[in-house]
Amino acid sequence: MVHRKSARRCLALSLLLVAQVSCLDEDYTYVDDSLIHEPRVTALRFSVVNSLIHDDPPSPSDLAPRATALPLEEVALDVSIVDASGPMSNVDIATKIRPVWLACLGQTPSTELLPQDPTECFMRNMPTDLDHISACRTPSVAAVAKSGVPPSLRGICRLEGTAEVRHTVPIAREFIEDGSLLVAMIGSRPGASSKGCADRFLGRREFSRTCLVAHHKLHLGPANRLRDVLDAQGLAGLKLEPQGTDEPGPPDRNLRIAGFQIGRIANVGDPVDEVLKGPDLVEVAPDGRFHATADELYVLHPVIDARDIQPLAADESDKETREAWWYYTSGSGNRAVWSDFEVGRWKLDFTWSSGARLSEARAEGMASGLVHLHVVVRDSRAGVGWASFAVEVR
């Protein structure tokens, strides 16, 4: 699990700078409009693909992959990018966006009085350029065992990969003590250079709107299994000073969206529960299609696989949070982000119209033909999931 003291902040940190960036200084400029006209990074996600925890379910159909990792475990880092025609395939991401992936170790840990700056690790190692960044390495178990202490790997390194990256989490002093590894994906829209964008990022120079950047953080976890994993790798005598230990419990996992519930409403604010239980409720599978009437209002609700929802322990005072970020290629929505908490129920409903009926929206005319809608769901335990479907407006 994510360290309990940082559980409330984990959600905010997991959203790190998933945005288009128009400048890079001490602050970032965000584009939070949910209307999609050009390629947009909507989410990054870590998934453990080679677990060293012996009682982890071997089949991915049983539970979603873990979102937190331990040293020596292999993780996959993938990205969700959408454009006006829908979700971009891995082939399109590799050939059109051409991502450059960077990792950074040596983040200053959070305290109760001083929250963690999500960019601090990169900022501390700038300015530089891509040609001076070495490939990320994972020291061998034999070398670590011989030294008796985890090596220091502080600084920025480059990860190999395009639309998806595979990386073995290193036995690094910074990862064990700080509890996290920060990754940045830097890409470009067609006609621009990803290397040029990466050099601007690393040189702390102004970005153009042709550049895309997104950050995400891999948290160490479950920390209470760290020693078990290292012992099994022959590192029983390794001297450790981890940031904290987790209470026993299920590991933090990503989220799988099983489908969408869609109900029509007459006015904004109509009782959603009644709509989503009514006879006219429509259920759509991920990547499915829904037929909508022009300029009507619809409530959309992502259905999360129940096996991926982890209840809090009875004695935990912090409430777990979950948020849904919505994006659409046409029409209007009541907000880009929807989050709420009620005991025993997660409310992630979102109202959308093919027209401009929603006052908070920035719609550009009436939608017609095929409209793509995307949702990204994140929770405060580092879990991420996304899915899309299409609406055919009649």
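When Lys and Arg each count +1 and Asp and Glu each count -1, what net charge do the other residues less than 11 Å away from Pro190, Cβ to Cβ, add up to?
Residues near Pro190 contribute 0 overall.
Once phi is turned into θ = phi - 60°, what whole-Hz ³J(HN,Hα) does the Karplus curve with 6.51, -1.76 and 1.60 give for every residue of segment 377-394, x standing for Gly and Pro?
3J(HN,Hα) across segment 377-394, in whole Hz: 10, 10, 10, 7, 10, 6, x, 9, x, 8, 7, 9, 8, 10, 10, 9, 8, 10.
If each residue of separation counts as 0.36 nm, what is the full-extension length gain between Glu120 and Ala145 once their alpha-carbon separation is subtracted?
Here the segment from Glu120 to Ala145 would lengthen by 5.9 nm.
Taking Cα centroids, how far is segment 173-228 from segment 274-293 in Å?
The distance from the Cα centre of segment 173-228 to that of segment 274-293 comes to 37 Å.
Calculate the spin-label point distance for Leu370 paired with Arg154, positioning each point 7 Å from the Cα along the beta-carbon direction, and give it in nanometres.
In this crude label model, Arg154 to Leu370 measures out at 5.2 nm.
Of Glu120, Glu323, how do they rank once you tally other Cβ atoms within 10 Å and put the fewest first?
In increasing order of surrounding Cβ atoms, one gets Glu120, Glu323.
Subtract the Cα-Cα distance of Asp56 and Glu206 from 0.36 nm times their separation in residues, and report this length gain in nm to one decimal.
Taking 0.36 nm per residue and subtracting the Cα distance, the gain is 49.5 nm.
Could you pull out every residue, at least 5 positions away or on a different chain, whose amide H is within less than 5 Å of the one on Leu212? Hs are placed 1.01 Å off N in the peptide plane, and Pro or chain starts have none.
The list, which skips near neighbours in sequence, is Gly187, Ser188, Arg189.
Just so you know, all these numbers are worked out from the coordinates, no wet-lab data involved. Since the model is a prediction, treat every value here as computed from it, not as a measurement. Every residue, glycine among them, receives a Cβ derived from its backbone with ideal geometry; neighbour counts consider all protein chains shown.
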